[in-house]
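Worksheet: one structure, shown below.
The values are calculated or read from the model by the stated rules, or taken from the named source; none is laboratory data. Computed from a predicted model, the values in this text were never measured in an experiment. When we count neighbours, we look across all protein chains shown, and the Cβ atoms used for this are built from the backbone with ideal geometry, even at glycine.
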Amino acid sequence: MKKVWIVGYGAIGPVHAKALEYVNEAALYAICDINESKRKLCRETYPVIEYDDFDRMLTDEAIDSVHICTPHYLHFEMVKKALAAGKDVVVEKPVTMTKAQFAELKKLQGAEKICMVLQNRLNPSVQKMKELVQSGELGAVKAAKGILTWHRDKAYYESDAWRGKWATEGGGVLINQAVHTLDYFSYLLGDVASVRANMFNYSLEDVIEVEDTFTARLNLENGVKALFFATNAYAETSAPYFEILFEKGNARYMDGQLWVNQQLAAEDTAPVLGKAYWGSGHNGLLKRYYDEHQYFSISDIENTMETMFAMYESAGNGGSTVLTGC
Ligand SMILES: NC(=O)c1ccc[n+]([C@@H]2O[C@H](COP(=O)([O-])OP(=O)(O)OC[C@H]3O[C@@H](n4cnc5c(N)ncnc54)[C@H](O)[C@@H]3O)[C@@H](O)[C@H]2O)c1
């Protein structure tokens, strides 16, 4: 039985704790948060050992596995230290905030063992889309598009100081909310070779430094041209939409259901442990990691990360074509 430590008990830390209840081979053992009220929340539900300092906690030899659930800017350093201390590592997205950090991480000993949290890959609808692409039953893929229209307002960005800033969040809607939708392209269809992208701040100019809206054209290695649009400036948070056009029809993922040629083909039914649209896959992901020893590795998410960095570079250069690759 692996003893797990969660560092960061804000929005997603408690989802990891709850998800661990579905796992046989691991259990929550310790919690670390710099905020006493967050630690209190955890201690009221679980009999955990508490720490308020990451480095001190790393010296606890009883801990086998570290779940990094802190703000983006802390991930890279925490991952490096946890690997160096010989711990198993599960890290929330994004594992790094920059392309240079990602390149450095790939070279570290133990990097391939890190379990990356892109839990939406395991949604039944996403798995069904993968099956459809791989089986070829609808012919070759002709095109694809991913759309995310969410609502994140001033109150959301002001609730935590790290949000909305380049130095601490590393970007806006793309790196945080829409990365799952972006991930579907390379996970389902194969590597993205180059991108052209633009970013905007439509509604939160006086609140955040980063973008609230992103558009991109993704050129896949297999020749498929795909489109991506994501915004936090919509009036409500709607279900992400992903569509694949095949030679013999289409697959449309919407409202947590997959429709293939207008017929219901799959439905996401996992219990929702966090917010809608991201709170239902962690139990499956952690069960798969601890009980079945399967996980998404740094290689498995490499093209998504490279595509994301290329999109920021392209958008920063007025929409020029940027090749993926570190
Ligand atoms: N996989 C998903 O779908 C998903 C969903 C939501 C959030 N996330 C990711 O989870 C991470 C955390 O997001 P969140 O929304 O929970 O953020 P949050 O701000 O709600 O929580 C972060 C927690 O980390 C704590 N913290 C900050 N610095 C610390 C330090 N040095 N040591 C220990 N604790 C520290 C804070 O006190 C806070 O409780 C982000 O990377 C985010 O992108 C992933």
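So the values come out like this:
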item	result
Residue satisfying all of: in the range 228-239; under 19 Å from the mean Cα position of the chain (by Cα) and at pLDDT 95 or above; surrounded by the most Cβ atoms within 10 Å (Cβ to Cβ) among these	Asn232
Verdict on Gln109 being closer than 30 Å to Phe54 by Cβ, in a loop (DSSP other than H, G, I, E, B) and at pLDDT below 95	yes
Residue match in the range 45-60 (condition: acidic (Asp, Glu) and more than 25 Å from Glu169 (Cβ to Cβ))	yes
Pair list, Cβ under 8 Å, 6 or more apart: the range 10-30 residue of a type in the set (Val, Ile, Thr), other residue assigned to a loop (DSSP other than H, G, I, E, B)	Ile12/Cys69; Ile12/Gly274; Val15/Leu273; Val15/Gly274; Val15/Gly279
Answer residue from the range 265-288, given it is within 10 Å of the ligand (Cβ to nearest atom) and either over 16 Å from Tyr253 (Cα atoms) or not hydrophobic (A, V, I, L, M, F, W, C) (or both) and is modelled with the highest pLDDT among those	Leu285
Residue among Val195, Val224, Val260 that alone is in contact with a Ser or Thr (Cβ under 7 Å, 6 or more places away or on another chain) and within 27 Å of Lys128 (Cβ to Cβ)	Val195
All positions within the range 97-119 that are out of contact with any Gly (no Cβ under 7 Å at 6 or more places or on another chain) and within 11 Å of the ligand (Cβ to nearest atom)	Met116, Val117, Leu118
